[in-house]
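Below is one structure, written out as structure tokens, with a few remarks after it.
Bear in mind that the values in this text are calculations on the coordinates, not laboratory data. Please read these numbers as outputs of a predicted model, since none were measured by experiment. Methodologically, a virtual Cβ is constructed for each residue, glycine included, from the backbone with ideal geometry; neighbour enumeration extends over all protein chains shown.
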Amino acid sequence: MKLLNTIEIEPWDYAKNEYESPSVSKAENPKGWSDFWYKCISDSNLQDLQPIELGSYLVDINKIGEPELKTIIEKELKDVDLSDYQEYVGQIIGGIVVLENEMIILEPTCCGDLSDIQNWEEIENAELGKWNQLWLGHPWIFYKRTENHIAFSDYTDYNLEDFKDISEKYKFSEQKLISEIKSSRNKQIGFEKRISKVLAELKIDNANDIAKLMTGNK
């Protein structure tokens, strides 16, 4: 089991021309959606980015080059009132992806962002034998600490009180998962420092504080 820190690169945010998107879902035509994504982001010179899988918009933060990161940061802060950055700077969309045997089994969903790593960090101190919500966007999942393991449910839109019997879909070693979460935090801190450097190069004041807000780091 392995965790990846990712951000979402929405194709429409970077397209400078109009392209026709596939008429079916990503699941039905991942290659078509991948081709559409690359056309759009290539307009902003992001063609060297690689998604975590065909048809996905999620990109591993550790595989983003410096020129691409600068373009992404400029887009994120476009039209943002930086004179009141504490009010208007938001977290970058994305989050934690879980791989098992190199296959993606969990990933951030709609409205998930980098600050959601804090929710993963709460797992370590959760009460044994009790299901808890893990917000990673919607739909979300639930987790439960058992003896030396962490169990996860499937995605759901239901609240915890609406369930009578939650089924375990995945189970991981607690020691391994907690170790991966701590590693992910360190990677996110490193990403924050990279963003701060880009902001400083762009002559933006309060670079460190803005980078911390964008990455959702405490």
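Build a GNM of the chain with springs between Cα atoms under 10 Å apart, and of SER115, SER173, SER83 the one that fluctuates most is SER83.
Using the crude model of +1 on Lys and Arg Cβ and -1 on Asp and Glu Cβ, and no other charge, please compute the dipole size for the stretch 59-149 relative to its Cα centre, in debye to 20.
Details: 7 positive and 19 negative charges, 55 e Å.
Its charge dipole is roughly 260 debye.
Peptides 30-39, 1-10, 129-138, ordered by how many other C-beta atoms sit within 10 Å of their residues on average, highest first, read 1-10, 30-39, 129-138. Candidate cross-link partners of LYS2 among the aspartates and glutamates, defined by an alpha-carbon separation under 16 Å and a same-chain spacing of 8 or more, comprise GLU53, ASP60, GLU100, GLU102, GLU107, GLU121, GLU174, GLU180.
Among the listed pairs LYS130/LYS182; LYS176/LYS197; LYS70/LYS182, those with a Cα-Cα distance over 29 Å are LYS176/LYS197. Put simply, the amide H of LEU134, placed in the peptide plane, has neighbours under 5 Å in ILE141, PHE142, TYR143, leaving out anything fewer than 5 places away on its chain.
Largest first and in whole Å, what are the equivalent-ellipsoid semi-axes of the stretch 32-71 based on the Cα gyration tensor, each being the root of 5 times an eigenvalue? Display every interim value, and only then the final one.
Working: eigenvalues 55, 34, 6 Å².
Values for the stretch 32-71, descending: 17, 13, 5 Å.
In the elastic network of the chain, a GNM with C-alpha springs shorter than 10 Å, the most mobile of ASP162, ASP13, ASP48 is ASP162.
Given the options TYR158, SER25, ASN62, identify the residue whose Cα lies farthest towards the positive end of the charge dipole of the chain (+1 on Cβ of Lys, Arg; -1 on Cβ of Asp, Glu). Working it through, the farthest residue towards the positive pole turns out to be ASN62. DSSP assigns beta bridges within the chain; of those with both partners inside it, close to 95 percent run antiparallel. In the chain, the convex hull through the Cα atoms has an average projected area of 13.2 nm², a quarter of its surface area.
List the relative contact order of the chain as a percent without decimals, with contacts defined as Cα pairs under 8 Å and 6+ residues apart.
Details: 354 pairs, mean separation 41.2, N = 218.
The value is 19 percent.
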